[in-house]
Amino acid sequence: MISKRSELRLTRLETWAQPGIPDLLVCDHHGRFHFIELKVSKGRKVNLSPHQIAWLTSHNHASAWIIVRHRHEGGERLSLYHAKQAMSLSERGLETAPRKYVESKKEWHTLFDLIAPM
């Protein structure tokens with residue numbers, strides 16, 4: 001049997017035609033689409049451009065997400081935020097409470113379980 005997670009189709013979006021569109025398009029096993037903005041933070045600040053904030057805010061009713069990779073004491077963490085948190089994330093950085101975080105890139109699938117529930 002094929003796991004539902006293996007049925008996720010990930011497409012990296014690279015577009016200059018429409019600024020602000022998230023980096024990753026995910027199609028789940030139900031045929032639903034999810035958008036993910038990928039960020040790396042070297043400190044407490046998360047750099048979202050005005051175009052990214054505008055796109056995420058105008059699509060905050062949809063399955064639109066931000067995953068931030070950052071270092072913390074003891075290692076690296078991946079934190080998941082919903083598009084509704086884009087403005088707070090831009091203003092307050094990592095002080096904004098994530099929906100979920102994992103301590104290792106090996107556990108990324110737990111974030112996708114929230115984004116695209118089985």
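No value in this document is a laboratory result; all are computed from the given coordinates. Just so it is clear, the structure is predicted and the values come from calculations on it, not from any experiment. All Cβ positions, even for glycine, are placed from backbone atoms using ideal geometry, and neighbour counts span all protein chains on display.
Within the chain, the longest run free of GluC sites (Glu not before Pro) that sit in a DSSP loop with at most 15 other Cβ atoms within 10 Å is 15-72. What longest range of the chain stays clear of loop-exposed trypsin sites (Lys or Arg not before Pro) (DSSP non-H/G/I/E/B, at most 16 other C-beta within 10 angstrom)? Answer - 46-98. Dividing the C-alpha radius of gyration of the range 21-65 by 2.2 N^0.38 Å, with N its residue count, gives 1.27. Stretching the chain fully between LEU10 and MET87 yields a gain of 25.2 nm (0.36 nm per residue, less the alpha carbon separation).
Entry note, the chain: the mean residue ellipticity at 222 nm calculated from DSSP H runs of n ≥ 4, each adding -39500 (n - 2.57), is -5500 deg cm²/dmol after division by the residues and rounding to the nearest 500.
Apply 1/(1 + (r/R0)^6) to the Cβ-Cβ distance of LEU25 and ARG99, taking R0 = 22 Å, and write down the FRET efficiency to the nearest 0.05.
0.65
Our Cα-only numbers for the chain put the radius of gyration and Dmax at 14.0, 45 Å.
In this rough spin-label picture, where each label sits 7 Å from Cα along the Cβ direction, the TRP108-HIS51 distance is 2.4 nm.
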